[in-house]
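**Q** The structure follows.
The values are calculated or read from the model by the stated rules, or taken from the named source; none is laboratory data. What you see is a predicted model, and the numbers here were worked out from it, not measured in a lab. Cβ placement follows ideal geometry from the backbone for every residue including glycine, while neighbour counts extend to all protein chains displayed. What goes into the accessible areas is simple: the full protein's heavy atoms, side chains included, and nothing from ligands, DNA or RNA. Shrake-Rupley method; radii C 1.70, N 1.55, O 1.52, S 1.80 Å.
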Amino acid sequence: MADTDAPTVPPLPSLEDMQHWTWVMGRAQQMMLEAGFQSAQENRLFPAIPGFTDRATLARAQAFWDESFTLWQRFLDPETGPPEESPALARDKRFKDPAWRKNPVFDWMRQSYALISDHLLRNVDAVEGLDPRQRDQLRFAARGFLDAVSPSNFAATNPQVLEKTIETGGENLLTGLQHMLSDIAKGQLTHTDPNAFEVGRNLATTPGKVVKRTPLYELIQYSPTTDTVLVTPLVIFPPWINRYYILDLTPEKSFIKWAVDQGLTVFVVSWKSADASMADIVWDDYVEAGQIDAIDTIRDLLGVDQVHAIGYCVAGTTLAATLAVLAARGEAEKVASATFFTAQVDFSNAGELLNFVDDEQLKMIEQLSPEGFLDGRYMAATFNLLRGRDLIWNYVTNNYLLGQDYAPFDLLHWNGDTTNLPAKWHLSYLRDLYRDNLLVTPGALSIRGTPIDLGVIKTPAYIQAGREDHIAPLDSVWKLTGVLQGPVRFVLAGSGHIAGVVNPPAAGKYQYWTNPKAASSLADFIAGATETKGSWWPDWIAWIRDRDAATIAATGPRQPGQGKLNSIEDAPGSYVRA
């Protein structure tokens with residue numbers, strides 16, 4: 001006998017029913033929005049509230065719901081055809097797997113996420129009453145939030161992860177959990193196989209010797225590979241926020257090795273990673289006891305009057321200050337030429353790093369440095385945030401959710417090899433340069449009593465910028481051309497802050513642009529520029545030889561340890577391993 005008291009299970013709605021009620025809800029929502037829109041504009045007793053009931057806000061809301069409704073209708077009735085896709089979404093690597101398009105549910109998630117992201121960012125741009133700095137910070141925060149909540153970052157909403165989980169019986173999630181716990185333990189996101197590379201084994205292997213060590217830096221001199229070398233040597237100042245071997249990665253990528261093979265006597269400064277003993281180090285020390293000291297040491301060691309100098313990123317900024325100090329002291333001739341890799345001196349348009357230099361953030365950095373130095377992992381996290389989609393969430397998906405093994409990549413190994421920073425110097429650098437932009441104001445800053453005026457620099461300069469640089473934006477680097485008073489060659493390289501610099505000729509990658517005519521603006525430079533395929537390195541060495549092509553035998557002090565300074569140890573030295 002049937003149980004008449006058993007609950008009746010309601011039948012599932014048909015596709016037609018779902019479509020009908022979806023239309024009903026969508027139409028009701030549209031009517032309410034339209035009524036609110038009209039009321040806000042016509043009812044004088046209740047004036048429009050900016051950001052809530054004003055005409056522009058309601059119009060954006062109407063557009064969002066219309067587009068959402070269209071997406072939902074297409075999901076319920078695939079016969080209507082796929083929605084049009086923006087070029088940005090079509091290129092989005094997070095959704096490149098075919099399952100994101102083949103499965104209607106995941107395709108709807110993907111399209112809905114793109115729609116929400118687009119409207120949120122448009123709403124940020126439409127907020128009234130914000131100054132440009134606040135708007136940039138809000139936009140940066142919104143992009144970071146959207147990157148974090150992408151459906152690709154969660155196991156239940158990523159078709160690749162679901163497929164992998166079924167295929168492996170969940171082993172991918174266990175492997176990913178192991179990766180995540182390991183990263184939590186070391187306080188840093190892992191990007192590459194930690195055992196694939198080692199400094200001195202397959203990174204930073206260009207032969208040379210440490211010929212000087214100070215509490216701030218080691219000076220490495222490299223062994224010549226040519227019978228003769230240019231009389232004027234080269235000293236490279238890398239950024240002290242990273243290890244110097246970005247310019248000496250694997251041999252086929254090493255700028256240092258390539259420069260040695262071009263017949264240059266090459267020196268590089270390897271900065272010490274800060275500890276408590278460096279609590280009182282300030283920018284003056286990096287200029288005076290760092291760059292100027294290294295320049296004088298090399299001049300004395302080789303018995304030459306001048307050196308060529310390269311400054312990369314913040315070390316390029318410091319090189320500009322060094323040149324100004326030398327010029328003010330009547331010693332400008334010590335530097336025959338200055339090359340700037342992606343360096344800024346005018347920070348008025350310094351990109352997204354400006355989002356990290358308001359008073360609250362600077363106070364937080366100070367609190368993170370109780371022993372007088374900032375742990376380099378905080379800086380690494382900051383730079384990762386600038387490219388969160390590529391350097392954070394990409395690895396969350398691949399290594400935590402999919403449980404993939406880490407691929408060996410020398411550049412990412414270097415990226416994770418963090419360097420501690422002296423807290424006092426770091427804070428003053430952020431305040432004085434990024435926040436207050438004092439370097440371009442003559443006399444606003446000084447180095448041990450010598451005022452800095454970049455307008456007195458007449459040293460020939462080679463300025464390289466990256467077209468896609470997110471750390472030192474192209475238009476910000478360009479400003480250096482309007483500050484220096486000597487002859488300037490500006491070169492625009494393809495790619496960004498690292499790959500735009502580390503681009504060996506043998507790789508045949510990217511391109512660069514030059515313009516022999518004087519350009520009053522970046523737009524004028526680009527309009528008249530000529531593109532050359534491949535690396536800009538040969539253009540640079542030709543420019544160096546144009547300064548002075550005189551050569552000398554690669555003997556005596558041109559051999560590391562054979563001059564006034566004895567060899568302390570083999571390159572890459574000790575500071576880079578600390």
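**Q** Considering D524, D570, which residue is touching a residue at least 60 places away in the same chain (Cβ under 8 Å) and among the acidic types (D, E)? Even if it seems obvious, please write down each step before you answer.
**A** Numbers: D524 fails: touching a residue at least 60 places away in the same chain (Cβ under 8 Å).
So the residue among D524, D570 that is touching a residue at least 60 places away in the same chain (Cβ under 8 Å) and among the acidic types (D, E) is D570.
**Q** Given region 213-305, what strands (runs of 3 or more DSSP E) lie entirely inside it while holding 2 or more residues that are closer than 30 Å to A328 by Cβ and modelled with pLDDT of 95 or more? Before the answer, list the steps.
**A** Values: elements: 217-222, 228-230, 234-237, 266-271.
Where strands (runs of 3 or more DSSP E) fall fully within region 213-305 and carry at least 2 residues being closer than 30 Å to A328 by Cβ and modelled with pLDDT of 95 or more, they are 217-222, 234-237, 266-271.
**Q** Let me ask something else. Can you tell me which of (1) assigned to a loop (DSSP other than H, G, I, E, B); (2) open to solvent by less than 20 Å² (accessible area, probe 1.4 Å); (3) within 20 Å of W271 (Cβ to Cβ) is the one I310 doesn't meet?
**A** (1)
**Q** Could you identify the single residue in T551, T530 that is touching a Leu at 6+ places or on another chain (Cβ under 7 Å) and either open to solvent by less than 30 Å² (accessible area, probe 1.4 Å) or not hydrophobic (A, V, I, L, M, F, W, C) (or both)?
**A** Only one candidate passes the filter, namely T551.
**Q** Would you please name the residue that is farthest from F197 (Cα to Cα), looking only at residues in region 407-450 that are in a loop (DSSP other than H, G, I, E, B) and open to solvent by less than 40 Å² (accessible area, probe 1.4 Å)? Please lay out each step first, then the result.
**A** Here is the first cut: in region 407-450, the residues in a loop (DSSP other than H, G, I, E, B) are 407-409, 417-420, 436-445, 448-449.
Still in the list and also open to solvent by less than 40 Å² (accessible area, probe 1.4 Å): 417-420, 437, 439, 445.
Details: D417: 11, T418: 15, T419: 17, N420: 21, N437: 39, L439: 38, L445: 41 Å.
By that ranking, first place goes to L445.
**Q** Does A332 meet the test of being out of contact with any His (no Cβ under 8 Å at 6 or more places or on another chain), of a type outside the set (S, T, N, Q), more than 30 Å from L484 (Cβ to Cβ) and open to solvent by less than 60 Å² (accessible area, probe 1.4 Å)? Can you show your working first?
**A** Details: out of contact with any His (no Cβ under 8 Å at 6 or more places or on another chain): yes; of a type outside the set (S, T, N, Q): yes; more than 30 Å from L484 (Cβ to Cβ): no; open to solvent by less than 60 Å² (accessible area, probe 1.4 Å): yes.
No; evaluated as a whole, the condition is false for this residue.
**Q** Please specify each residue of region 149-175 satisfying the condition of being among the basic types (K, R) and more than 18 Å from R94 (Cα to Cα).
**A** Applying the first criterion (among the basic types (K, R)) to region 149-175 yields 164.
Those that are among the basic types (K, R) and more than 18 Å from R94 (Cα to Cα): none in region 149-175.
**Q** Report yes if Y434 is at pLDDT 90 or above and touching a His at 6+ places or on another chain (Cβ under 7 Å), otherwise no. Explain how you work it out, then say what you get.
**A** Values: at pLDDT 90 or above: yes; touching a His at 6+ places or on another chain (Cβ under 7 Å): no.
In short, no.
**Q** So, one more: In region 341-360, is there at least one residue being at pLDDT below 95, open to solvent by 10 Å² or more (accessible area, probe 1.4 Å), part of a helix (DSSP H, G or I) and among the aliphatic types (A, V, I, L, M)?
**A** yes
**Q** List every residue pair whose Cβ atoms sit under 7 Å apart, with the two residues 6 or more apart in sequence or on different chains, where the first one lies in region 486-511 and is without any contact (Cβ under 8 Å) to a residue 40 or more places away in the chain and the second, anywhere, is of a type in the set (S, T, N, Q) and part of a helix (DSSP H, G or I).
**A** Partner pairs satisfying both residue conditions: V488/T481; F490/T481.
Results for (1) within 29 Å of the chain's Cα centre (by Cα); (2) assigned to a loop (DSSP other than H, G, I, E, B); (3) under 26 Å from V269 (Cα atoms), shown as yes or no for each residue.
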site	(1), (2), (3)
V491	yes, no, yes
K509	yes, yes, no
S520	yes, yes, no
D539	yes, no, yes
I544	yes, no, yes
A549	no, yes, yes
N566	no, yes, yes
P572	yes, yes, yes
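Results for (1) touching a residue at least 60 places away in the same chain (Cβ under 8 Å); (2) of a type in the set (A, V, I, L, M, F, W, C), shown as yes or no for each residue.
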| residue | (1), (2) |
| --- | --- |
| R467 | no, no |
| H470 | yes, no |
| L480 | yes, yes |
| G528 | no, no |
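**Q** A further question on this structure: Looking only at region 118-154, filter to residues that are surrounded by fewer than 16 Cβ atoms within 10 Å (Cβ to Cβ) and part of a loop (DSSP other than H, G, I, E, B); which one of those is nearest to the chain's Cα centre (by Cα)?
**A** The selected residue is V149.
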